[in-house]
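Worksheet: one structure, shown below.
The values are calculated or read from the model by the stated rules, or taken from the named source; none is laboratory data. It should be emphasised that the depicted structure is a prediction, and the values quoted were computed from it without experimental measurement. So basically every Cβ, Gly included, is an ideal-geometry build from the backbone, and we count neighbours across all protein chains shown.
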Amino acid sequence: MASRLVFERDGRDWPNREASRFVEAGAMRWHVQRMGAGPTLLLAHGTAATTHSWRAFMPELAQHFDVVAFDLPGHGFTDPLGGPATLPAMARAVGALVERLEIAPVFAVGHSAGAAILLRMALDGRVSPRGIVGLNAALMPFRGAAAHIFSPLAKLLVLNPLVPRLFAWRASDRAATERLIRQTGSTIDEEGLALYARAIGSPAHVKGALAMMARWDLAPLLADLRRLDIPLHLIVGERDRAVAPEEARRVKERVPGVSVEFMPGVGHLAHEERPREVAQRVLAFTERVAGGES
């Protein structure tokens with residue numbers, strides 16, 4: 001089993017391959033996809049995903065925007081960080097990529113943990129979009145016993161070099177991958193299942209996801225969100241089992257100016273289940289912001 005995904009081998013049939021390029025930024029080699037024309041819109045995927053998760057969603061937005069997506073550090077075809085994969089470190093790294101690409105995103109869309117990264121970047125002045133969309137955004141810290149279990153467990157797992165290989169070996173099985181996806185409340189197509197199986201069949205990719213989980217601390221972000229001075233719109237799949245829909249309501253209660261939109265019949269991977277519909281909802285938000293509405 002190869003440890004890392006290699007684009008020349010594993011990316012031969014990668015979705016939107018013609019939009020792919022590799023960029024050196026912050027002492028790392030990044031896999032970036034770019035398509036469309038117009039104002040720049042930045043996409044940030046969630047933990048354990050890659051650019052493949054935008055395969056049908058990205059072309060929809062590219063009809064209106066210059067869309068830029070990338071594999072997070074340690075994910076897919078992008079190098080891992082040189083140090084701990086904390087939220088501030090991930091935000092700094094993506095900020096270095098944005099600077100290297102010489103782009104100024106007018107809007108940004110993040111899925112799950114990707115939304116937290118974009119918000120950290122905006123709060124720290126690394127991007128200045130007119131608005132941010134969170135797709136099933138993971139913004140609330142774990143509560144109760146979960147807070148004392150998941151992060152320490154991830155730390156133990158990532159420190160054991162055998163764990164990513166064992167997990168990757170098991171998860172690369174199509175049936176196991178399908179079970180993992182269904183646990184998020186989503187049902188995706190065969191292409192998506194095959195691509196997730198390929199990604200999480202890579203021990204390096206699994207290690208990147210575990211390293212991120214091991215260091216993730218959302219409490220400082222949640223406290224800082226009170227000073228967010230741009231619109232934040234949360235699109236929430238009502239069947240999401242990875243990030244409870246109730247979390248969006250809690251964010252709205254704590255953060256001024258947050259809007260929430262619920263989608264029935266979809267789970268955590270709503271943008272893969274119904275890419276056109278989710279893209280239309282994103283476009284509606286960007287039009288409201290452009291028109292001066294909150």
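When Ala104, Ala96, Ala48, Ala56 are checked against the criterion of being farther than 30 Å from Gly201 by Cα, of a type in the set (A, V, I, L, M, F, W, C) and surrounded by fewer than 24 Cβ atoms within 10 Å (Cβ to Cβ), a single residue qualifies: Ala104.
Restricting attention to the range 177-201, the residues that are out of contact with any Asp or Glu (no Cβ under 8 Å at 6 or more places or on another chain) and either polar (S, T, N, Q) or closer than 16 Å to Ser112 by Cβ (or both) add up to 7. Residue pairs whose Cβ atoms lie under 6 Å apart, sitting 6 or more positions apart in sequence or on different chains, and linking a residue in the range 217-239 that is within 21 Å of Val106 (Cβ to Cβ) to a partner that is modelled with pLDDT under 95 and exposed (fewer than 14 other Cβ atoms within 10 Å of the Cβ), are Pro231/Ser294.
Of the residues examined, Val266 is not one that is of a type outside the set (Asp, Glu) and not in a loop (DSSP other than H, G, I, E, B). No other residue among Gly26, Gly38, Gly83, Gly11 is over 17 Å from the mean Cα position of the chain (by Cα) and without any contact (Cβ under 8 Å) to a residue 24 or more places away in the chain apart from Gly83.
Would you confirm, using the coordinates I've provided, whether Glu178 is more than 19 Å from the chain's Cα centre (by Cα) and part of a helix (DSSP H, G or I)? Considered against the rule, which asks whether it is more than 19 Å from the chain's Cα centre (by Cα) and part of a helix (DSSP H, G or I), Glu178 comes out as yes. Out of curiosity, is Arg288 more than 28 Å from Ser128 (Cβ to Cβ) and modelled with pLDDT of 95 or more? So Arg288 fails the test.
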